[in-house]
């Protein structure tokens, strides 16, 4: 099982394959990645030391502390712990002395595989695993080289443990003592990485580095940033997306003590009035007293009921082809009694992270500084610079820990950054924090799109699906953006983010036809944790349950039988789930179980739930989950993500788990009418089982989200005899 | 603007604010106690939970003018509180947090529960914690941490 020792060349670090060590201003070692070609960069033997390391990945301080820079925003997913673990393991660092810091926006912190600095698609670990291993191993090699030279021995006579190099004859030196000599050594181009059996941190349950600060109130989130002279800005936004300010009466607003300024700013679509004050409460009181005359002419006023009606009609016609497999006429030859035709409805969903959107910008004439919980730092830095008339390099862009995101902070139009920049530009010199109230956050759009699915399944005499005809209707948030991913994701007018889960189906559907319509609607939409799988896996997994029920087959056995031979991770996770969910066969009266599985970016999750009905709502007594995510870098973090992701996925089953529009206005504004799961709605227990694997690690943030909703409604069917195809689940 | 004298974490503090300012914003912006979080402003998420006169209270709903002489305890004081320390340590030990934004409020609710009911039933836990929203979905671990803290309290570690 243990792979042989890997020898890796610098080139596998993608185009940024060159690292360089230098001295920190305070002493100690800084290891950085450089973009320049190695020759040019190495000519200057001693790069200028910098106290704030815009390009450092590892710093070894004189007191032995090791600071590891994380090239990803921390939103709760645990990258701020897992990436340092990976680096520290190869470095053989003393983990108790390791701390993490979030990288600012910078070329060097771009994802080494996709070339954008970002989080999204659960890519932090899969895409930076190799990168952080190599950084750790190369830093270690330089420290060993320094020790070997000092002792007059060869490097292979030395070993390392807990930030100490040990040599022959009881020699030892702490890393912090070796930094000056290590700095003078060239970074190795080729380095040996550990074999799996040598891992000391990778694969072990390791607690989060940021846990204590998040439990004692000391963790600084973006909303907690406090700078001298800071002003607070709120926006009076148009009641309908795209509305424009025709005029406003701010006399009452200006009477609020502490108000500094009130002015109109452009939005990505339409315009708004910014209200700036010394304090949040003053800004809010003033904003709420604004009388704005909105120009809503010439813009669509979307309405959820009308949209569903329109989508349902559209679903009756074939759209642009996403999948065409086998014989399109096969359905026609299957008798009507062996065909199921069904429709599904999915509403808009708000991400609603606990920390509402906010950020701080300070504008100076030839420079600016920003503090942002940022999913795509380099894009947002560029957007900010554009609004301010600066070059991106004139904007110092700090990335701050976010109180959740789930996709909400990762917009392609960087709208909140542009808004804050437009406000700050009017108030040069002052740091301005733009705060979205919860109401602003929830009504601001950028939702998971609404979808209607229409599916017809033709069943063969052996109970297995023979023909699968599927039409998906919903907005694309990629088509027409001009973003780099558009060319990759959009083929034949079909947005892969709307159809994923169908075009990569793990099941054998001999004759499969999937098509999609992407209507244009005046509601901004966005990736939402698990993206297309959130609805597509629901459709597939509930229909499979219908088929398994019809075939009188066990739902896990039925799925295993239907899996394609290459759907390996589905097979491993379903098989493990089967072993671990023996409780399915001995349930209390009026309890039932349900099964579902889904993939996301090469990770598979299979889930079983035990459900009863209490007060006309599903009560989820337990969930058992099996996941195959390749090598489990931090099993504790994986367990945490699996549990949390399941609960996040319950949002769409909540009675109030929908964003709806009426006459262009969003009907929900806070957690009273858009109610995600609270503790009593969540499974009482969730046990997580990880498929043992030595394969490349894949992500875990999004994969658990799609499985619970179909598993729960599959269980409910066993209790009520009803199928639930329209979400949210308003009645049972 | 009015000046109010507040007893926060055992210390006497003066704030000069509009009488309508919610305690949440006085704590955050005047006293720089930013551990107490803004999540909804309508008492629907629990992120702003503090102990007011010993009772778990949504500080976003209480105007400063209505605090009176009731002592205010925030997350920042939990390090000095015997139950608070046990709860916090249980949270860290079980790796409860993800984004962590709601956890100040969760911990304040949990401490209030354990101070009044040291051995809570599952139902007690759901009732006391049922108004604290966690979008990361840490509920399973929060339940476990409360049980672990309760066992610690039983063991007489005070």
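Averaging 1/r across all pairs of distinct Cα atoms in the stretch A:289-352 and inverting the result yields a Kirkwood radius of 16.8 Å.
Across the stretch B:2-74, Cα-Cα pairs farther apart than 20 Å form 15% of the total. The sum of -39500 (n - 2.57) across all DSSP H runs of n ≥ 4, divided by the residue count of chain B, sets its helix-only mean residue ellipticity at 222 nm to -10000 deg cm²/dmol. With a Förster radius of 60 Å applied to the beta-carbon distance between residue A:196 and residue B:2, the computed FRET efficiency rounds to 0.40.
Considering only the Cα atoms of chain B, their convex hull presents on average a projected area of 8.5 nm².
Both radii were evaluated on the Cα set of the stretch A:328-426; the Rg over Rh quotient, with Rh as the Kirkwood radius, amounts to 1.38. Measuring nothing but alpha carbons in the stretch A:608-732 and taking Rh as the Kirkwood radius, the Rg to Rh ratio lands at 1.03.
Between the alpha-carbon centres of the stretch B:1-49 and the stretch B:111-158 there is a gap of 25 Å. Report, to the nearest 10°, how far helix B:82-93 tilts away from the longest principal axis of the Cα atoms in chain B, using its own Cα long axis and a range of 0 to 90°. It is inclined by approximately 60 degrees. Computed from the C-beta positions of residue A:342 and residue A:249 and an R0 of 45 Å, the FRET efficiency is 0.30 to the nearest 0.05. Pairwise inverse Cα distances across the stretch A:241-400, averaged and inverted, put the Kirkwood hydrodynamic radius at 21.1 Å. Multiplying the residue separation of residue A:486 and residue A:257 by 0.36 nm and removing their Cα-Cα distance gives an extension gain of 77.7 nm.
For the stretch A:377-528, build the convex hull from the C-alpha positions and give me its volume per residue in Å³. So the per-residue Cα hull volume is 158 Å³.
With Cα atoms defining each centre, the stretch A:67-138 and the stretch A:603-654 are spaced 26 Å apart in the structure.
Put simply, when A:239-252, A:297-310, A:404-417 are sorted by average Cβ atoms within 10 angstrom per residue, most first, you get A:404-417, A:239-252, A:297-310.
Seen against the Cα atoms of chain B and their longest principal axis, helix B:139-154 is set at about 80 degrees. Distance between the pseudo-spin-label points of residue A:554 and residue B:55 (7 Å out from Cα toward the beta carbon): 5.4 nm.
Contact order, relative form, for the stretch B:2-74: 37 percent (alpha carbon pairs under 8 Å, 6 or more residues apart, mean separation divided by residue count). With bins 10 Å wide beginning at 0, the percent of Cα pairs of the stretch B:81-154 falling in each bin runs 22, 62, 16, 0.
The alpha carbons of the stretch A:456-518 give a radius of gyration and a Dmax of 14.2, 48 Å, in that order. Please work out the C-alpha center-to-center distance from the stretch A:146-220 to the stretch A:402-481 and express it in whole Å. First find each Cα centre; the distance between them is then 42 Å. Mean sequence separation of contacting Cα pairs (under 8 Å, at least six apart), scaled by the length of chain A, corresponds to a relative contact order of 13 percent. The simple spin-label model puts a point 7 Å past each Cα toward its Cβ; for residue A:722 and residue A:396 those points are separated by 5.9 nm.
With the Kirkwood sum run over all distinct C-alpha pairs, the stretch A:157-253 has a hydrodynamic radius of 21.1 Å.
Residues of the stretch A:602-618 with backbone nitrogen within less than 18 Å of a virtual label 7 Å along the Cα-to-Cβ line of residue A:590, please, listed as ranges. Counting backbone N atoms under 18 Å from the label point, the list is A:610-618. Helix-only arithmetic for chain A: the sum of -39500 (n - 2.57) across DSSP H runs with n ≥ 4, divided by the residue total, places the mean residue ellipticity at 222 nm at -8000 deg cm²/dmol. Placing a label point 7 Å from the Cα of residue A:460 along the Cα-to-Cβ direction, the residues of the stretch A:498-520 whose backbone N falls under 16 Å of that point are A:507-513. The Rg/Rh ratio for the protein assembly as shown is 0.97, where Rg is the radius of gyration of the alpha carbons and Rh is the Kirkwood radius. In chain B, Cα pairs under 8 Å separated by at least six residues give a relative contact order of 23 percent.
Quick note: the coordinates plus some simple rules give every number you see, no bench work behind them. Worth saying up front: this structure is predicted, and the values here are computed from it rather than measured. Methodologically, a virtual Cβ is constructed for each residue, glycine included, from the backbone with ideal geometry; neighbour enumeration extends over all protein chains shown.
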